[in-house]
Each structure stands twice: as structure tokens, then as C-alpha cells.
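Colleague: Quick one: this structure, given as C-alpha cells, is what I'll be asking you about.
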Amino acid sequence: MTTSAVKTKSIRNIEELMENMDDSSLRHQVLKNAKHFKTSWIELGQTLYSVWKDKLYKDWGYSNFDKYTAKEIGIRKQTALKLLKSYYFLEQEESAYLKNDYGEEASSVPTLDSINALRLAKSKKELDRSDYERLRANVFENGKDERSVKKDLTALMKQREELLPQEAWQKKKLSLIRRFLSLLKSIREEIKISKVFPARVVKEVDKLISKLELEIN
């Protein structure tokens, strides 16, 4: 079965469900948005968020949200979660954009994947506000796709490391110390259990562990 055949069957199923529902109901609206997913993913994300938040799928005969989205909407769990998280991100971080009449030109609406990439970039502690604003402009004003956003993000991360080499080295150093400290603690326990080494060896290991703990605290 081809991908296009699967899509056609999914849309047909949605249309059949819509025929028997009140046009003004939220359930009907979710199905309508799912049908026009490519150009109205924001509306779909918004309505699905309401369904998920209020657990409305239970009223419609589904035991959980994943079953509802898979059987009724025809989208995978991963896609449903991406929709929820990306819409919530817009609601929290870009509420002004949601208030605009972005639906007038569907082609200008940022893709789900590009917004998701922007959402993940926002969580990067290495980036400052100006970095985020650059990425944001590329998505909302220049219409860059997910691949371009990720490429820009990688470049910014590399730039940050070059600008702050000492800080980057410090992070690497702490990471190595933590790994060595974890290994050393495991060895100490084995030494205590085996009782192969004298007590003074255990004391020396304890001293080394204390010094390393001071380094990372």
C-alpha cells in the first residue's frame, strides 16, 4: 500500500466521521483541522491541546489520548506530542503571533517542524536572548524550514564555544571529573568489600574522592 493510498483512506475516514457530527462541536473542529493539517497545524494543535487538557477523548469512547489520535485523527503518537508541545510553545512564547490573522495566507505559516526546532533551541542554556531572536526571525520572517533552523542553531552553538573557550573547557573538565569520581567511588566499594587492600589504601582513596568533590562543588 502506497503512502498516498494511506493518506486518502485516512482523509476518507475523517470525512465519514464528520458527516455524523455537529458542525459547531469541538470534536468536528478537530477533525476538520486534521483534514487540512499541512496548512492549519496551529489550529489542530490548539484544538488537540483542549482535548488533551480536559481529557475529552474519554467522552468520545477512547481510553487514552494516543488511541484517540491514532484511530480518529490518523496521526502517530510522536506527531501528536509534537503538535501539543509546539502549540503550547507558541501560546507561551509567541502569544502575539497567535493573535494575528496568520490564517489568511497559509503558505506563510511556519511549519510544525520549524516551530518544534525553535522550541528546542529556546531550551538551550548556551544561547542568549539575541541568539534566540535571530533564530526566531529566520522562522517567522524568513520562512526557514527545520533543517535550516537546526543548521543555524549548530552554528550559533559552535560560535558560543569559540567565544567562550575557557567556559567550554571548564564544562568538559567538570564532566571528566564527575565520570572519574563515579568510577572511583565504585572502586572504593569493591575495595571495602574484598578487603584485599589495607585500610590506609581506602583512606587515600577517600581523600582523593573528597578533593574531587571540592573541585565540582
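The values are calculated or read from the model by the stated rules, or taken from the named source; none is laboratory data. Note that the coordinates shown come from a computational prediction; the quantities given were computed from them, not determined experimentally. Cβ placement follows ideal geometry from the backbone for every residue including glycine, while neighbour counts extend to all protein chains displayed.
Colleague: List every residue pair whose Cβ atoms lie under 8 Å apart, where the two residues are 6 or more positions apart in sequence or sit on different chains, the first residue falls within the stretch 59-80 and is in contact (Cβ under 8 Å) with a residue 24 or more places away in the chain, and the second residue, located anywhere, is among the acidic types (Asp, Glu) and in a helix (DSSP H, G or I).
Modeller: Trp60/Glu72; Ala80/Asp66
Colleague: Further, regarding this structure: Just checking, how many residues over the stretch 48-69 are within 14 Å of Leu31 (Cβ to Cβ) and in a helix (DSSP H, G or I)?
Modeller: Looking only at the stretch 48-69, we keep the residues that are within 14 Å of Leu31 (Cβ to Cβ), and these are 48, 50-51, 56-57, 60, 62, 68-69.
Next, only the ones that are in a helix (DSSP H, G or I) stay: 48, 50-51, 56-57, 68-69.
Qualifying residue count, the stretch 48-69: 7.
Colleague: Any residue in the stretch 184-198 that is aromatic (Phe, Trp, Tyr), out of contact with any helix residue (DSSP H, G or I) (no Cβ under 6 Å at 6 or more places or on another chain) and surrounded by 12 or more Cβ atoms within 10 Å (Cβ to Cβ)?
Modeller: Step one: list which residues in the stretch 184-198 are aromatic (Phe, Trp, Tyr), which gives 197.
Within this subset, residues satisfying the condition of being out of contact with any helix residue (DSSP H, G or I) (no Cβ under 6 Å at 6 or more places or on another chain) are none.
No; the residues of the stretch 184-198 include none that is aromatic (Phe, Trp, Tyr), out of contact with any helix residue (DSSP H, G or I) (no Cβ under 6 Å at 6 or more places or on another chain) and surrounded by 12 or more Cβ atoms within 10 Å (Cβ to Cβ).
Residues checked against (1) surrounded by 16 or more Cβ atoms within 10 Å (Cβ to Cβ); (2) at pLDDT below 90:
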residue	(1), (2)
Phe65	yes, no
Tyr68	yes, no
Leu84	yes, no
Glu94	yes, yes
Glu105	no, yes
Pro110	yes, yes
Ser130	no, yes
Thr154	no, yes
Glu162	no, yes
